[in-house]
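Below is one structure, written out as structure tokens; comments come after it.
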Amino acid sequence: MNPVELPLRDSALPPPIITWWPLAPGWWLIVGAVVALAAGLLLWYRRRRRTRLRRFALAQLTLLRATYAESRDAHALAADLSMLCRQVLLVARQGRDLGSVTGEALLMALDALVPGQEFFTRGPGRSLLEAPYDPSSTFDASALLQGMEHWLARLPPHGGNQNLRDA
């Protein structure tokens, strides 16, 4: 018999090996989505961390406003707002030679935190010089609260790592 005439086939080879690289287009989309999500979360976390002073101060102001609404004690409100201002100043400036600042220098340092605003040196915030220490002093508490909220909402982000409750 002639080998050419025999009805034989070539031997069957195994199918080609499928490797994991290069990835199919669907996998590239998934990888891109995961990278974009990770970058978005990182940016969100950094922004959230940089604005935590503002969020903390506004939350404290909300508590002080509620306390004042119950007690109507303007002297206590002024004392608490003065402490809040000092905390914000110490955290925002990371305590640089500001622990003993008083009077006009304190008001100027507070105004310097939000450029373009003169809430403390020429506005209702000026009452924080005397009101926390003199129970007989009179001031417009609602204007002070509203001005403080406006001032705190415009605090620029900061990169400090100081614990806000320790300020």
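A few points about this structure:
- When each of MET148, MET83 is scored by the number of other beta-carbon atoms lying within 10 Å, the sequence from fewest to most is MET83, MET148.
- What separates the Cα centres of the range 5-60 and the range 74-95 is a distance of 47 Å.
- Isotropically averaged projected area of the chain, using the convex hull of Cα atoms (one quarter of hull area), nm²: 18.4 nm²
- Chymotrypsin sites (Phe, Trp or Tyr not before Pro) restricted to the range 1-38 and DSSP loop, no more than 10 other C-beta within 10 Å: TRP20
- Difference of contour (0.36 nm per residue) and Cα-Cα distance, GLN94 to HIS150: 17.9 nm
- Global geometry of the range 64-129, whether rounded, prolate or oblate, following the gyration tensor of its Cα atoms and the 1.5 cut on a/c: prolate
- GNM result for the chain, Cα springs below 10 Å: residue of PRO124, PRO16, PRO115 fluctuating most strongly: PRO16
- Charge dipole (debye, nearest 20) of the chain; +1 at Cβ of Lys and Arg, -1 at Cβ of Asp and Glu: 240 debye
- Per-residue Cβ neighbour rank within 10 angstrom, fewest leading, VAL101, VAL4, VAL34, VAL88: VAL4, VAL34, VAL101, VAL88
- Separation in nanometres of the label points that stand 7 Å from Cα toward Cβ, at LEU29 and ARG48: 2.9 nm
- Along the chain, longest interval not containing exposed trypsin sites (Lys or Arg not before Pro), exposed being DSSP loop plus at most 10 other Cβ atoms within 10 Å: 97-167
- Top of PRO22, PRO157, PRO135 by mean-square fluctuation, Gaussian network on the chain, Cα under 10 Å: PRO22
- Listed residue (LEU58, GLY125, PHE139) projecting farthest to the positive dipole end of the chain, Cβ model: LEU58
- Charge context of LEU152, other residues only, Cβ under 14 angstrom, K/R +1, D/E -1: +3
Every read-out reported here was derived from the displayed coordinates using simple, explicitly stated rules and does not represent laboratory data. All figures in this text were calculated on a predicted structure; none of them were measured in a lab. Note that each Cβ is placed from the backbone with ideal geometry, even for glycine, and that neighbours are counted across all protein chains shown.
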